[in-house]
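I have placed the structure first, in the form of structure tokens, so that the comments after it can refer back to it.
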Amino acid sequence: MKPYLLLVEDDEGLGETIKERLEKEKFRVRLEKTYTAALETINTQEFSLAILDLRLPDGNGFDLAKALRTKNSNLPFLFLTAQAGAKERLLGFEIGAVEFIPKPFHLKEFMIRLERVLAQTKPNLGKKWKYGSVEIHLDSFEIKTKSGSILLSKRDCALLSLLLSNSEKVFSRSEILDELVGEESFPTERTIDNAIVRLRDALGVESIRNVRGVGYKWEGNLSPL
């Protein structure tokens, strides 16, 4: 599953353009246009990265970055702004920015820098997740619960990883067979159903939805570890 990004940009046209490009690349994006709305959002959602403009109608990006860090000290942030002089860049990096991208910019350059930042700040991104009180460790084939750890088979872990790779998608049984062949291929569709039962036992019945006549879809709210 791609990261969940907070984008704070008061230019509606630019904000929507960036959001559409990010979503095209399968990122999940929450777009806010004001300082106040961004603070309200951070109280109810967990993000992998914040992308902040400096000039906002009710505040500035420097103060917003400090406020966001107060809410979540581990949240990395970068600035995307026309105010990109030496003074602004220095202040931005002093308060903890991981990148400072001046406007105007090319969207391809923005995506390259964004991917680099995410790789540096979240090296386990896509491998370790928090789901309620449960931790999912795809890299070690393990689900950690309050009562202990559950080790996953290579096959079950591959299936879970596939479902998490795109939480918006319903994966058909035939797609699962096609995607996972070569890992530890499923001999029958019944084997897929049995694997889903095991995953639900470990994660909870609400974690994976059965779409009748189609296949399976991840349903739970995740945050990266």
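The values are calculated or read from the model by the stated rules, or taken from the named source; none is laboratory data. Just so you know, these numbers come straight off a predicted model, no measurement behind them. Here Cβ is always computed from backbone atoms with ideal geometry, including for glycine, and neighbour counts include all displayed protein chains. Only protein heavy atoms, including side chains, enter the accessible area calculation; ligands, DNA and RNA are left aside. Shrake-Rupley method; radii C 1.70, N 1.55, O 1.52, S 1.80 Å.
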Legend entry - Accessible solvent surface per residue of region 68-225, calculated while the other protein chains remain in place, 1.4 angstrom probe, Å²: 54 Å²
Inset, instruction - Please report, as a whole percent, how much of the solvent-accessible surface of the chain comes from carbon and sulfur atoms (probe radius 1.4 Å). - result: 46 percent
Legend entry - Check: region 39-163 dipole with +1 on Lys, Arg Cβ and -1 on Asp, Glu Cβ, in debye: 280 debye
Legend entry - Farthest positive-ward along the chain dipole, Cα basis, beta-carbon charges - from Ile112, Thr34, Cys157: Cys157
Inset, instruction - Please report, in debye to the nearest 20, how large the charge dipole of the chain is about its Cα centre when each Lys and Arg carries +1 at its beta carbon and each Asp and Glu carries -1 there. - result: 380 debye
Legend entry - Ordering of 84-94, 23-33 by packing [mean C-beta count within 10 Å, highest first]: 23-33, 84-94
Inset, instruction - Using only alpha carbon pairs under 8 Å that are at least six residues apart, calculate the relative contact order of the chain and give it in whole percent. - result: 15 percent
Legend entry - Full-stretch length increase - Ile95, Gln45 - with 0.36 nm per residue and alpha-carbon distance subtracted: 15.8 nm
Legend entry - region 200-225 and region 48-83: distance between their alpha carbon centers, rounded to Å: 33 Å
Inset, instruction - Please find, in a Gaussian network model of the chain (springs between Cα atoms separated by less than 10 Å), the residue of Arg155, Arg69, Arg190 whose mean-square fluctuation is greatest. - result: Arg190
Legend entry - For mean projected area of the Cα convex hull in nm², calculated from these coordinates, the label among (i) 14.4; (ii) 12.5; (iii) 13.6: (iii)
Legend entry - Proximal charge balance of Glu189 [Cβ under 13 Å; K/R count +1, D/E count -1]: -1
Inset, instruction - Pairs to check: Lys127/Lys217; Lys19/Lys144; Lys19/Lys146. Give those whose C-alpha atoms are more than 29 Å from each other in this structure. - result: Lys19/Lys144; Lys19/Lys146
Legend entry - Under-5 Å amide H pairs with Leu225, H placed in peptide plane, nonlocal only: Lys128, Trp129, Lys130
Legend entry - Around Ser73: net Lys/Arg minus Asp/Glu count, Cβ-Cβ under 14 Å: +2
Inset, instruction - For the chain, with a Gaussian network of springs between Cα atoms less than 10 Å apart, report the residue from Lys103, Lys130, Lys19 with the top mean-square fluctuation. - result: Lys103
Legend entry - For Asn221, net neighbour charge (Lys/Arg +1, Asp/Glu -1) across residues whose Cβ lies under 12 Å away: -1
Legend entry - Residue-wise HN-Hα coupling along region 103-113, computed from phi with Karplus coefficients 6.51, -1.76, 1.60 (Hz; x: Gly, Pro): 8, x, 9, 8, 4, 5, 4, 4, 5, 4, 5
Legend entry - For region 67-84, Karplus couplings with θ = phi - 60° (6.51, -1.76, 1.60), whole Hz, Gly/Pro x: 5, 5, 5, 5, 6, 9, 5, 9, 7, x, 9, 9, 9, 10, 7, 7, 7, 10
Inset, instruction - Sticking with the crude label model, points 7 Å out along Cα→Cβ, report the distance from Met111 to Ser73 in nm, one decimal please. - result: 3.6 nm
Legend entry - 3J(HN,Hα) from dihedral phi, region 40-45, Karplus parametrisation 6.51/-1.76/1.60, rounded to Hz, x for glycine, proline: 5, 5, 5, 6, 10, 10
